[in-house]
Every structure is written in structure tokens, then in C-alpha cells.
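The values are calculated or read from the model by the stated rules, or taken from the named source; none is laboratory data. Source: prediction; values computed, not measured. Using ideal geometry, Cβ is built from the backbone for each residue, glycine included, and neighbour counts are taken over all protein chains shown.
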Amino acid sequence: MTAQLQFRDVTLGYDRHPAVHHLSGDVATGALLAVVGPNGAGKSTLFRGLVGILKPLAGTIVTGGIDAKDIAYLPQTADIDRSFPISVFDFVGTGLWRRTGFFGGIDGQARARVAQALAAVGLSGFENRGIGTLSGGQMQRMLFARVLLQDARLILLDEPFNAIDAKTSADLLALVKQWHTEKRTVLAALHDMDLVRAHFPETLLLARGKVAWGATSEALTSENLTEARRMCEAFDDRAAACVVDVDASEAA
């Protein structure tokens, strides 16, 4: 199967301080991949690199011929300014911007698509509500509706089931499985290991660097999880970006 994503010795970070070290590996087209690891493991940093918010400090990310219009990104709810005065309908409608343009406007067909996306996540009737009035679960449903509108081939979900009720989790997980059935490539940063084991066939265990990557049952062993915690605890946040000695690596 062809690769949708290729990480080639990728290092990502902030102000030259690396948060993800020398990641290499491929994500197959149509994969359903969980990205897990302790707090501070670099999961969100990895996703920001994939959508272009961060440029790699070293290495390259190859996206298999897709461009920005083919990538949908669901950030953590903490990254959303809930005080911004925008309605649920208008927020979800921003999912069309990459295809219509910022000033493209929303015509009747686009309005119908927004309404369909809201219905698909159980938010019909919430169109005129301000986003600041939503509960945690409603907020997450709204974010999923925006992803639905983007109709992307690569979908990145950063903690999509965090701090929401079981019914909302089940409904949104059904959407994730639908995307997988449609052969879209889905990466989800998660912390619930039981959920990962039950629903995600592949896992990248990250701890600033790759600890394990493969079938979930093989990646999430107790030994690997212990190693991931150890690696994160030992990491120096003040470390400078490291550079691979190409001659030395080739000689090895």
C-alpha cells in the first residue's frame, strides 16, 4: 500500500528547542493510527508540523501528493478561543474556506452542507448559539462538524475524546470509523489506552522520539509504556537542536 505520509528523520520544536526527535516512518494511505505517549511526548507538536504550523528543524515530511486543502485538523478545545463572538453555524462554515476562499461567501448550497454537517453530529438547532455557550461535548461535536465539511483525505485529531461524555465519545468514534471505511487517512492523538486497544489497529508510541510503531498490541506493551515514561522524564527541555552526523551514520 502506498504511503500517505513519510517522516524522514524529522525533528520539530520551538525556538530551536526540539520537542520531537529524529522521527522516521511511513503512514499508509487509509491508515487509522493512534498517536499516544505521556504528557509532553510531542503529540501536538507532531500534528502542528503536519499542518505546517511548525516547520521541521531538521528532516522532511512528505505528504504523498496532497496539499493543504486535503488536510483537516481538529485541535484541542483548549486552543479554541471560546470568547470569540461567532455562532456555531459560522464557525462550522469556516470548514469551507480552503475551497471557497475567505471572501467566497456561503451560498444556498454551502448553507445546506453546513446544516447537514451539524445534523450529522447531533447539533441541529444549535446554529445560532454562540460557541461560548456550548458544553465540552457540544464543542467537540462542533469541531467534528467542521472536519466533516472539509472532506479531507488526511484527518488529524488532537485529543478528540478528551473530557466528554460517553455518548458523545461513541457518536464521534463512529464518525472516525466511517472515515476509515472511506479510506481516508486518520491520525488521532489519544491518552485512553483502552480506547486505543479497542478501536485503533496501529499505534505510534511517542516520547519525544519513537518508542514503538506498529500493530497496537505490539506497540502498547508494558515495557514500551514504561520506556516512554522514562524517556519523557529524562528529556531536557533546554536542549539545543541536535544534528545528525551523516558521515558517521552512513559508516555505522
One residue from D171, D165 being of a type outside the set (A, V, I, L, M) and surrounded by 18 or more Cβ atoms within 10 Å (Cβ to Cβ): D171
Residue match in the range 128-144 (condition: surrounded by 15 or more Cβ atoms within 10 Å (Cβ to Cβ), in a loop (DSSP other than H, G, I, E, B) and at pLDDT 95 or above): yes
Looking only at the range 204-241, and only at residues there that are of a type in the set (A, V, I, L, M, F, W, C) and loosely packed, with under 12 Cβ neighbours inside 10 Å, the one that is modelled with the highest pLDDT: A215
Residue match in the range 24-39 (condition: under 22 Å from E182 (Cβ atoms), surrounded by fewer than 19 Cβ atoms within 10 Å (Cβ to Cβ) and hydroxyl-bearing (S, T, Y)): yes
Members of the range 162-176 that are within 16 Å of the chain's Cα centre (by Cα) and either modelled with pLDDT under 95 or among the basic types (K, R) (or both): N162
Count - residues of the range 163-176 that are farther than 18 Å from A72 by Cβ and not acidic (D, E): 7
Residue count, the range 41-70 (criterion: in contact (Cβ under 8 Å) with a residue 40 or more places away in the chain and closer than 17 Å to L154 by Cα): 13
Residues (surrounded by 19 or more Cβ atoms within 10 Å (Cβ to Cβ) and either in contact with a helix residue (DSSP H, G or I) (Cβ under 6 Å, 6 or more places away or on another chain) or polar (S, T, N, Q) (or both)) located in the range 57-77: T63, A72, L74, T77
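For every residue, the table says whether it meets (1) surrounded by 15 or more Cβ atoms within 10 Å (Cβ to Cβ); (2) at pLDDT below 95; (3) among the polar types (S, T, N, Q); (4) farther than 13 Å from A72 by Cβ.
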residue: R99; (1), (2), (3), (4): no, yes, no, no
residue: R113; (1), (2), (3), (4): yes, yes, no, yes
residue: Q116; (1), (2), (3), (4): no, no, yes, yes
residue: Q178; (1), (2), (3), (4): no, no, yes, yes
residue: L190; (1), (2), (3), (4): yes, no, no, yes
